[in-house]
Amino acid sequence: MYKRLKIYKNSWFDRFARKNNIEDKDLIVAVEKAEKGLIDADLGGGIIKQRIARKGQSSSKGYRAIIIFKKEDKCFFVFGYSKSERDNISTNEEIEFKKVAKIMSDISEDKISELLKNSSLIEVERHD
């Protein structure tokens, strides 16, 4: 049976998204593309980079989201940036994201529940 991918964002990414008017439905679109294999950049180690369009513009001029992505299980939006403000993440940032991905990819449901309760994680709800 198909297991529905759970989507989460950390509190930092939630603030970034609110500041930039990125809605949960935009995050869902980015994840659904990744689920179909349409990944903008696979950074390895369970980390992908997906484009998120600015309202009224193309995704190439929009935002980039760094996502810990475990296919058919769960994903975590952990970092975002505007393409107009920076070209890419640094090598050191990529290394750190991969360290976090190792931890998060095998995180228990109990730990996720704890992080949800203290608002370190926010679940992105799909309504379909």
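Per the listing ASP106, ASP73, ASP87, ASP40, the residue uniquely in contact with a helix residue (DSSP H, G or I) (Cβ under 9 Å, 6 or more places away or on another chain) and at pLDDT below 90 is ASP73.
When the test is whether a residue is among the aliphatic types (A, V, I, L, M), under 25 Å from HIS127 (Cβ atoms) and loosely packed, with under 12 Cβ neighbours inside 10 Å, LEU116 does not pass it.
All of ILE28, ILE122 fail the test of being among the aliphatic types (A, V, I, L, M), within 13 Å of LYS9 (Cα to Cα) and surrounded by fewer than 18 Cβ atoms within 10 Å (Cβ to Cβ), apart from ILE28. Filtered by the rule that a residue be of a type outside the set (Gly, Ala, Ser), surrounded by 13 or more Cβ atoms within 10 Å (Cβ to Cβ), outside any strand (DSSP E or B) and at pLDDT 95 or above, the range 1-15 gives TRP12, PHE13, ASP14.
Among the residues of this structure, ARG51 counts as one that is of a type in the set (Lys, Arg), in contact with a helix residue (DSSP H, G or I) (Cβ under 9 Å, 6 or more places away or on another chain) and part of a strand (DSSP E or B).
Annotation note: Cβ proximity below 7 Å between a residue of the range 99-128 that is basic (Lys, Arg) and a residue that is surrounded by 15 or more Cβ atoms within 10 Å (Cβ to Cβ) and assigned to a helix (DSSP H, G or I) (sequence gap 6+ or interchain) occurs for ARG126/ILE28.
Being over 15 Å from the mean Cα position of the chain (by Cα) and outside any helix (DSSP H, G or I) is the filter here; which residues of the range 96-128 pass it? Correct list: ASP106, ILE107, SER108, ASN118, SER119, HIS127, ASP128. If you go through the range 89-113 and keep only what is of a type in the set (Lys, Arg) and either on the phi > 0 side of the Ramachandran plot or exposed (fewer than 13 other Cβ atoms within 10 Å of the Cβ) (or both), you end up with LYS99, LYS102. Looking across the range 40-65 at every residue that is within 23 Å of GLU125 (Cβ to Cβ) and of a type in the set (A, V, I, L, M, F, W, C), the one that is surrounded by the fewest Cβ atoms within 10 Å (Cβ to Cβ) is identified as ALA53. When each of ARG86, ARG18 is tested for being under 26 Å from LEU116 (Cβ atoms), surrounded by fewer than 12 Cβ atoms within 10 Å (Cβ to Cβ) and free of Cβ contacts under 8 Å to residues at least 40 places away in the same chain, the lone residue that passes is ARG18. In the range 96-128, which residues are touching a Gly at 6+ places or on another chain (Cβ under 9 Å) and not small (Gly, Ala, Ser)? Correct list: PHE97, LYS98, LYS99, LYS102, MET104. With respect to being part of a helix (DSSP H, G or I) and within 21 Å of PHE16 (Cα to Cα), GLU93 fits the description.
The values are calculated or read from the model by the stated rules, or taken from the named source; none is laboratory data. On a predicted model such as this, the values are computed, not experimentally measured, just so you know. We place every Cβ from the backbone using ideal geometry, glycine too, and count neighbours over all the protein chains shown.
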